[in-house]
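So the structure is just underneath, and the comments pick up after that.
Bear in mind these aren't lab numbers, they're just calculated from the coordinates by the rules spelled out. Fair warning: this is a prediction, and the values are worked out from it, not measured in the lab. Cβ placement follows ideal geometry from the backbone for every residue including glycine, while neighbour counts extend to all protein chains displayed.
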Amino acid sequence: MSLSTALSIAQSALLATSKQTSVVSRNVADASNPDYARRVAVVTSTAPGARSVEIQRAANDLLFRQNLSALSAWSGQSALYSGMDQLDLSVNGVDNASSASTAIGNLQQALQLYATTPSNQNLGASVIDAAKQVVSSLNDGTTAIQDFRSQTDGQIATAVDDLNSLLSQFQDANKAVIAGTRSGTDVSDALDQRDALLKKIAEYVPVSTFTRGDNDMVITTKDGTTLFETVPRSVTFTPSAGYTAGTPGNTIYIDNVPLSAGTGDNTSADGKLAGMLKLRDGVAVTMQSQLDEIARGLITAFAETAPSQPNAAGLFTWSGAPAIPAAGTLVDGLAGSISVNAAFDPSAGGSAALLRDGGANGAAYVSNTGGGASYSDLLIAYGNRLDQPMAFDTSAGITVSSGVSDYAANTIGWFEGVRQQASTNADAKEALATRTAEALSNDTGVNVDQEMSLLLDLEHTYQASARMMKTVDDMLDALLGAVG
């Protein structure tokens, strides 16, 4: 072997080792970056004594797809659960203090106390005050639910804007990958950026991907709707100006295809967009329907009755009074319009004694025909009706037959059950997302201990190559000295 050949080999080894050292140093520097994939410097011999270094990026497509799916599921479930917490606090208050069930319980107590001393009109006025609290609970609950739906609309609009921005950024990253692949340059950084954006996109909608020539990536949703192909597809949503009970919300469109909301407490909603749709048009709407059914039950329970006469609205009234809402049939928005009948309200010129005697709808409906101040039969009857089973619309989510008082309590139980299930499933899906992320990191991320060990080996290799160059240099000096 000639001295020039030996020198060339040593120089090639030094250059290869230098590139390997640079790659390892970069790995160590980005070890804490969750979006960074480990680089590997692969050394190959291209000719006797010559070496070339190719930088490869660690990847595991199967684990990455599993992580994307887990992220979408967790994001959708998390959006559902966190929204439920907000909705519960807005409607029922802390420890259900402002719930309809609590207000009805207070009304029952006031009614029982009045029935013990029917001649005491102060106790009668207390019943009216308790009835007003029931009405306030239903009215305010309706307002809170519809405000929540409007707020969710705003959050959906913001999320749609964010998703469109991410898709635009993804286009730039995808172009960089394609251009680098075509020119043969290292595209590892661009691939890191593209994968990081893909994980963020998956938090909004579930995604599937496939790669075409030149590393060009196409994104579709879980149901096959194209989200990105060369250019982003438009994601559109128009928030409603406001909501009333029974008003459906607007749909999110991806490339003019509607995005479906999730179903169930262990929601099938993948991505926060579907989770928020489930909140707005599922949980909140059901909660409103239950309040409407409570209102209908109260109007029915306190209706005035008379022989050969239709039942007429009594203590609680509504826009369709004096008629009573049809049994077992939901009336959208009834909880927002129910009110205390002015005929019973002393502050409105009425008399609480009508609750004891009857007759708010005319003489035919008078129950205390003798005019006795101690008459309590009607008051007792009203109390019994609150616990008497009646028909409720099953579309409101509760199928158990009960009185309106128990129905109101059951609505709290229903919501707590749904929320608890949503919480449990959110924890489970978060754990899956964490496990898949850890598995992906273990397979494609940086192990600092391994990298430092490799760096030590490279140091030894570099020292050996340097000694070889010095030896060749010494030999050349000796040769030149001999010739000279």
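Taking H as built 1.01 Å from N, whose amide H comes closer than 5 Å to the amide H of MET390, not counting residues under 5 places away?
SER402, GLY403
Between helix 61-92 and the chain, what is the angle of the helix's C-alpha long axis to the longest principal axis, kept within 0 to 90° and rounded to the nearest 10?
So the helix axis and the longest Cα principal axis differ by about 30 degrees.
Fully extended, how many nm does the chain gain between VAL40 and ASP223 (0.36 nm per residue separation, minus their Cα-Cα distance)?
62.2 nm
Over the stretch 53-164, what is the relative contact order in percent, taking alpha-carbon pairs closer than 8 angstrom and at least six residues apart?
It rounds to 25 percent for the stretch 53-164.
With unit charges on the beta carbon (Lys/Arg positive, Asp/Glu negative), name the residue among GLN20, PRO232, VAL43 whose Cα is farthest towards the positive pole of the charge dipole of the chain.
Highest projection toward the positive end goes to VAL43.
Would you mind working out the magnitude of the charge dipole of the stretch 57-203 relative to its Cα centre, with +1 at each Lys and Arg C-beta and -1 at each Asp and Glu C-beta, to the nearest 20 Debye?
Dipole about the Cα centre, nearest 20: 280 debye.
Quick one: 3J(HN,Hα) in Hz for the stretch 114-122, Karplus 6.51/-1.76/1.60 with θ = phi - 60°, rounded, Gly and Pro as x.
Ordered by residue, 3J(HN,Hα) equals 5, 5, 6, 9, x, 7, 8, 6, 5 Hz.
Going by amide H atoms built from the backbone, whose H comes under 5 Å of the H on TYR204, apart from near neighbours?
Residues meeting the amide H criterion: LYS272.
Can you give the extra length, in nm with one decimal, that the chain gains between SER401 and ALA363 once fully stretched, where that is 0.36 nm per residue apart less the Cα-Cα distance?
10.3 nm
Counting each DSSP H run of 4 or more residues in the chain as -39500 (n - 2.57), what helix-only mean residue ellipticity at 222 nm follows after dividing by all residues, to the nearest 500 deg cm²/dmol?
Taking each H run of at least 4 residues, the total per residue is -20000 deg cm²/dmol.
Give the order of VAL40, VAL235, VAL127 when sorted by the count of other beta carbons within 10 angstrom, beginning with the fewest.
Taking fewest neighbouring Cβ atoms as first place, the list is VAL40, VAL235, VAL127.
Name the residue farthest towards the positive end of the dipole of the chain from the options ALA352, VAL218, TYR253, assuming +1 on Cβ of Lys and Arg, -1 on Cβ of Asp and Glu, about the Cα centre.
VAL218
Please report how many Lys pairs in the chain have alpha carbons closer than 27 angstrom, counting only residues at least 8 apart along the chain or sitting on separate chains.
Number of lysine pairs found: 18.
Under a Cβ-only charge scheme (Lys and Arg +1, Asp and Glu -1), can you give me the dipole magnitude of the chain about the Cα centre, in debye to the nearest 20?
500 debye
I'd like the orientation of helix 377-387 relative to the chain: the angle between its Cα long axis and the longest Cα principal axis, in ° from 0 to 90, rounded to 10.
Roughly 20 degrees, rounded to the nearest 10.
By how many degrees, between 0 and 90 and to the nearest 10, does the Cα long axis of helix 404-444 differ from the longest principal axis of the chain?
The helix 404-444 is inclined about 0 degrees to the chain.
Given the options GLN171, GLY141, SER441, identify the residue whose Cα lies farthest towards the positive end of the charge dipole of the chain (+1 on Cβ of Lys, Arg; -1 on Cβ of Asp, Glu).
Positive-most Cα among the choices belongs to GLN171.
To make sure I understand, if each residue's beta carbon is the centre and we count other beta carbons within 10 Å, what order do ILE178, ILE128 fall in, fewest to most?
Ranking ILE178, ILE128 by Cβ neighbours within 10 Å, fewest first, gives ILE178, ILE128.
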